[in-house]
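First up is the structure itself, then whatever we jot down about it.
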Amino acid sequence: MKLLDIHMLSLTNSFPSYTAGKPPRPSVMALILMTELRYESFTPNPIRHAPMPQYPFQSSPEARGFFYSESVQLIVHSAWFTLLQGLPQHLPMKALGILLTIWVIWTTLQLTLRYKSSPPLFGPIYLADSLASFWTETWHNAFAAPCLSLAYTPTLYILSSLHFPRSLARSVAVVSSFGLMATFHMYALSPLLNEEGKKRIGIFFVANGVLTVAEVGLWGKKRHWMRAVCAWGVELALASWTVAAVEVADGVLNADWRGLCRLKMS
């Protein structure tokens, strides 16, 4: 996917420029291009930064910045994950446990492998107050670049060329980005999931795309507690339905992690 992203950016003459200092020699530049999923050293890059909340520590931006740093938030989310593992593992709990597992593992890798200038990979999950903010500001942005270059931008260009209304073209382009993620996750997880599990993973992403577009059409950019409640309800319901078809242990810590090394034959 990374290679396709680079190829598409080259074809469309929209390749980002290296802006992290003096350009290195070609071999090092090639390495940076392949390893920087989000083009941190380039301009433009596809990352959208969520504004830092005014709470807690309203009178101290320094303390607030420390609290929302990736290292502190890793501790917060790890504690949240550990707490959930001690609760009855109903489907919503399982779904949230998987969500937090991904958050903790990816953030740990990010803190280990990041450049000094790397932006955060995730936002705090508990601050997500809509489907739109969850997918653009909260959840990891490692695939933002290929979603734009391989799905959103070409879809928007084709539909605009066919004189589709701009709002409709953008909505379809958003859903196409989620469709790309559905295809990618179904392929990547195919050794671990049965056919029903793969199908539900695909539906999960496409449904999120459709519902995100519908949510923005209804609420626009307005933030409201009712929007947050609806978003959390929808996301947990979709995730629970998806997890129901996936072989997940009662608690992520009880999962057969060695089994990840064994391919499914069915």
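The values are calculated or read from the model by the stated rules, or taken from the named source; none is laboratory data. Just so we're clear, the structure is a prediction, and the values are computed from it rather than from any experiment. Cβ: placed from backbone, ideal geometry, glycine included. Neighbour counts: every protein chain shown.
Which of the residues that make up region 7-40 are buried (at least 17 other Cβ atoms within 10 Å of the Cβ) and either within 19 Å of S177 (Cα to Cα) or touching a His at 6+ places or on another chain (Cβ under 8 Å) (or both)?
M8, L9, L37, R38, Y39
Select, from F122, F164, F81, the only residue that is within 30 Å of W219 (Cα to Cα) and more than 17 Å from the chain's Cα centre (by Cα).
Criteria check complete, one pass: F164.
This table checks each residue for (1) surrounded by 14 or more Cβ atoms within 10 Å (Cβ to Cβ); (2) β-branched (V, I, T); (3) modelled with pLDDT of 90 or more.
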{"position": "A50", "(1), (2), (3)": "yes, no, no"}
{"position": "S59", "(1), (2), (3)": "no, no, no"}
{"position": "F67", "(1), (2), (3)": "yes, no, yes"}
{"position": "V76", "(1), (2), (3)": "yes, yes, yes"}
{"position": "T82", "(1), (2), (3)": "no, yes, yes"}
{"position": "Q85", "(1), (2), (3)": "yes, no, no"}
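Under the condition of being among the charged types (D, E, K, R) and crowded, with 17+ Cβ neighbours inside 10 Å, which residue from region 134-186 is farthest from E235 (Cα to Cα)?
Among those residues, the one meeting the criterion is R170.
So the check is Cβ under 7 Å with 6+ separation or different chains; which pairs have a first residue in region 155-181 that's among the aromatic types (F, W, Y) and a second one that's surrounded by fewer than 18 Cβ atoms within 10 Å (Cβ to Cβ) and part of a helix (DSSP H, G or I)?
Close Cβ pairs (under 7 Å, with a partner that is surrounded by fewer than 18 Cβ atoms within 10 Å (Cβ to Cβ) and part of a helix (DSSP H, G or I)) amount to F178/V206.
Conditions (1) closer than 24 Å to V229 by Cα; (2) of a type in the set (D, E, K, R), marked per residue:
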| residue | (1), (2) |
| --- | --- |
| L87 | yes, no |
| K94 | yes, yes |
| W106 | no, no |
| L111 | no, no |
| W139 | yes, no |
| P146 | no, no |
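Looking at region 87-116, which of the residues that are of a type outside the set (F, W, Y) and outside any helix (DSSP H, G or I) is surrounded by the fewest Cβ atoms within 10 Å (Cβ to Cβ)?
Result: K116.
Among the residues that make up region 41-48, is at least one of them surrounded by 10 or more Cβ atoms within 10 Å (Cβ to Cβ), in contact (Cβ under 8 Å) with a residue 40 or more places away in the chain, hydrophobic (A, V, I, L, M, F, W, C) and touching a helix residue (DSSP H, G or I) at 6+ places or on another chain (Cβ under 8 Å)?
There is at least one residue in region 41-48 that is surrounded by 10 or more Cβ atoms within 10 Å (Cβ to Cβ), in contact (Cβ under 8 Å) with a residue 40 or more places away in the chain, hydrophobic (A, V, I, L, M, F, W, C) and touching a helix residue (DSSP H, G or I) at 6+ places or on another chain (Cβ under 8 Å).
Among the residues of region 187-198, which ones are under 15 Å from A239 (Cα atoms) and loosely packed, with under 15 Cβ neighbours inside 10 Å?
Passing the criteria: only E196.
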